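What follows is a set of notes on a single structure, which appears directly below.
What follows is calculated from the coordinates using simple rules that are stated; it is not laboratory data. The structure displayed is predicted, hence computed values, not measured ones. Here the Cβ is made from the backbone with ideal geometry for all residues, glycine too, and neighbour counts use every protein chain on show.
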Amino acid sequence: NAGVTQTPKFQVLKTGQSMTLQCAQDMNHEYMSWYRQDPGMGLRLIHYSVGAGITDQGEVPNGYNVSRSTTEDFPLRLLSAAPSQTSVYFCASTPDVWALPDTQYFGPGTRLTVL
Amino acid sequence: ELKVEQNPLFLSMQEGKNYTIYCNYSTTSDRLYWYRQDPGKSLESLFVLLSNGAVKQEGRLMASLDTKARLSTLHITAAVHDLSATYFCAVDPYRGGSNYKLTFGKGTLLTVNP
């Protein structure tokens, strides 16, 4: 298993540009989520999904869209990039939200800079 | 709104010493997670604590959970340089189950000096 994969690893955007951060997992996990990590802030939940076709907002959803058409993929879209969205983005997945709680498995991260 | 506070935020230790990182949270929960992050890397799961009084140990690290005090501790015994990293606690606020909407602390940057 590749686990949780994210592409790209690094990205530089100009203000106003849009882009999609890709996240995929091959572990058949139901739950997937996106976090952003800023210096001194820990990780903050952007959006999450409890299964294909179901998404919901986390703590900091503004400026981001998500969709979940398959179990494997959970892309994060930046609609109109702003410098405040400069951050490291992590995707995570968990096997089954209704089973005994398990840890979240994190992807390697995407480092995004918005100029 | 759930608040998760870690202290200290910065910890410089000598090899061989013991120390404890504290994680306080503001709402009732019986689900707490500890993660490790090396510089420029992703997060690695250390411990999952699921009930009051839970204690887990792995090598020189031991984590415990007191749900009544809303407190978890990560104890480091006889620190070695390889333990240098940032440590995060995260709380799932949903009682009686889990919804995985984790709230993270700001992290503790641990540096172990020879």
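Some values worked out for this structure:
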{"quantity": "Given 10 as the ceiling on other Cβ atoms within 10 Å, longest exposed-site-free region of chain A for trypsin sites (Lys or Arg not before Pro) in DSSP loops", "calculated": "A:15-115"}
{"quantity": "Tail fraction, Cα-Cα pairs, chain B, threshold 18 Å, whole percent", "calculated": "45"}
{"quantity": "Calculated over chain A: convex hull of Cα atoms, volume per residue (Å³)", "calculated": "94"}
{"quantity": "Cα-based Rg / Dmax (Å) for the protein assembly as shown", "calculated": "17.6, 52"}
{"quantity": "Taking chain A and dividing mean pair separation by its residue count, relative contact order in percent (alpha carbons under 8 Å, at least six apart)", "calculated": "36"}
{"quantity": "Mean separation of Cα contacts under 8 Å, 6 or more apart, over the residue count of segment B:52-114: relative contact order %", "calculated": "26"}
{"quantity": "Long pairs among A:Lys14/B:Lys3; B:Lys17/B:Lys101; B:Lys68/B:Lys106; A:Lys9/B:Lys68; B:Lys17/B:Lys41; B:Lys56/B:Lys106, criterion Cα-Cα beyond 32 Å", "calculated": "A:Lys14/B:Lys3; B:Lys17/B:Lys101; A:Lys9/B:Lys68"}
{"quantity": "Relative contact order of chain B, pairs being alpha-carbon contacts under 8 Å that are 6 or more residues apart, as %", "calculated": "36"}
{"quantity": "Computed P(r) (all Cα pairs; segment B:36-99; 10 Å bins; percent)", "calculated": "18, 49, 27, 6"}
{"quantity": "Nearest-0.05 FRET efficiency for A:Ser67 and A:Met27, computed from C-beta distance (R0 22 Å)", "calculated": "0.65"}
{"quantity": "Cα-centre dipole for chain A with unit charges at Cβ (Lys and Arg positive, Asp and Glu negative), debye to 20", "calculated": "560"}
